[in-house]
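Q: Would you mind keeping the following structure in view while I ask a few things?
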Amino acid sequence: MYARLSSRSTFAGAMPIAMVVAAFALALALRLRQEPAPLGFDEYASLYFSGRSFAELWGPWMLRETNPPLFYSLLKLWRMAVPDSQTLLRLLPLLLSLAQIGLIARIAGKRWGWAAAAMAVLLFALSPSDIYQSEYLRGYVLAKLAVTVSFVGLLAALDDDRPMGWALYAGGAVVAVYSHTTMLLWPVIATLAVLAEAALRQGVGRAVLTRLFAANLAVAALSGWALWIAVAQVHAASANIAWIEPLSFEDWLSSMNLQLLLDGEAGSALMAVLMAVGVIRTFGDRATRLALFILIAALAMFKVADHVHPIISDYTLHWCASFTVLLAAAALAGNGRVLMRGGVLAAMAAVGLYELVTLVWIPKPQDWRRTVETVAHSPHAALLVSHESVGLVVQQACMLEYHGPGCPFPLVVMASRAPTDAWAFGGYRGHITPVRQVRAALLPARRVYAFSRYVYTPLPPLGLDENRYRRVEWDDGELIGPIPASDFRKHA
């Protein structure tokens, strides 16, 4: 009899740990399930910036870029420590992402038990947006981690009024601001949530609110550089973010589903139900109330900011998924009924995996590695692109793949009348060729490949129909060719 009870106790104690570990294993497996995606346009921009000096990154030179320099500086240090390869480069955001998931799991586990921690990890594991951003070589994942650290500090400060809590809140907020410009809204969002929670529960005294505003003043002071450059950029002519447009209501809902839920009808609906249950079951917990008010304030503030200048894309709000995940994880608060909680986790995993594999669309960016390799392996071939920014990205791709100063083939960069990407101005190491001189520049080649991206289409200005030739298409770019060099002479 004793042996049976002991066996059950061991099983009950081991199963929760096993489920949390299994959720982490699933998160890692889904991120490593295949060869890393090729670096995209913006990611090569990250490589370009990480190759600049710290003086340039943290000086007026950065007026050209709408994102702060902290992630580029971290990437610069990372590249000093590891060899340049797409796999090792993507390891940086992956490690940041896993740290953020672990921190959210710790919050959920400490507040609500092992099942909540496992659910938090599982929801991030099944999130297509989180999977995509966990290997995306930009500052979004660093901003998400910093906001989570700031939230941990805020909870500690409000629960116990500890100086370390206020330091963590302010420090995390500053790192978030220097990771992405939209994070200037985070202290405002956090403050609105605290005020709403104080008005509802009257559990925050005047002294604590005074310390909160003092911490926000410290954040504003320490974020002075980012504030200055953001204001200067508003008055500068830049096409870096001109492509972002205000979202229709339908697009808004779709973006919120992608960034804050699971982007599948069944999985997102289940997550929404879990969030409602979590709020109802644990509303007495300050973490739940703050997470709910932060979510509401974030949606409101980003929508307000959208009227000043559109800032919502399929990346800029995913940091807030930390709070939707916390609310959903709270539905499993408690440590009893191991089999029941395990069943809920298993059901969520089954639905999420099915939708992730069969229904959810994850973008496939243009493959610059395949582009440069195709041209390099084609004898007497040249690559034609339009616009300095595209030429700069091709050059960065060649530097990464061939570890040299340029491409092992002729690269002809055609001048474009399209609005310039300010971040690339002066960055291309080569000649920008006027349209009338392009044919002469291509004369030594026997065949030509062309890369077309959005408005940067090099063939129409030369009188060539790009639909006549073979092409490889991605979600935001296409490689056209090979094109016989004689076709360019025919239209001269």
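Q: Rolling a 1.4 angstrom probe over the protein heavy atoms, how many square angstrom per residue are accessible across the chain?
A: Here the per-residue accessible area is 43 Å².
Q: Any chance you could run the full-extension gain for L222 through S486? It's 0.36 nm times the residue separation minus the Cα-Cα distance, nm to one decimal.
A: 89.1 nm
Q: At a 4.7 angstrom Cβ threshold, list every cysteine in the chain that has nobody to pair with, or say none.
A: Cys with no partner Cβ under 4.7 Å: C320.
Q: To the nearest 10 degrees, how steeply does helix 186-201 sit against the main Cα axis of the chain, on a 0 to 90 scale?
A: The angle comes out near 20 degrees.
Q: Using a 1.4 angstrom probe on heavy atoms only, work out the carbon and sulfur share of the accessible area of the chain in %.
A: Within the chain, the accessible surface is 64 percent carbon and sulfur.
Q: Still on this model: Report the local net charge at V390: Lys and Arg +1, Asp and Glu -1, summed over other residues whose C-beta lies under 13 Å from its C-beta.
A: Here the charged neighbours net out to -4.
Q: I would also like to ask the following. Given the pairs K76/K110; K76/K144; K76/K303, which are separated by over 30 angstrom at their Cα positions?
A: The answer is K76/K110; K76/K303.
Q: Any chance you could give the angle, 0 to 90 degrees and rounded to 10, that helix 86-112 forms with the longest Cα principal axis of the chain?
A: So the inclination is approximately 20 degrees.
Q: Taking a ≥ b ≥ c as the square roots of the Cα gyration tensor eigenvalues, with a/c under 1.5 meaning rounded and otherwise prolate when a/b beats b/c, else oblate, which class fits the chain?
A: prolate
Q: OK, next. For A347 and D285, FRET efficiency with R0 = 22 Å and r from the beta-carbon atoms, rounded to 0.05?
A: After rounding, the FRET efficiency stands at 0.35.
Q: Specify the inter-centroid distance of the stretch 313-378 and the stretch 112-149, based on alpha-carbon positions, in whole Å.
A: Taking the Cα centre of each part, the stretch 313-378 and the stretch 112-149 sit 9 Å apart.
The values are calculated or read from the model by the stated rules, or taken from the named source; none is laboratory data. Worth saying up front: this structure is predicted, and the values here are computed from it rather than measured. Virtual Cβ from ideal backbone geometry, glycine too; neighbours counted across all protein chains shown. In case anyone asks, the SASA skips ligands and DNA or RNA and just uses the protein heavy atoms, side chains included. Shrake-Rupley method; radii C 1.70, N 1.55, O 1.52, S 1.80 Å.
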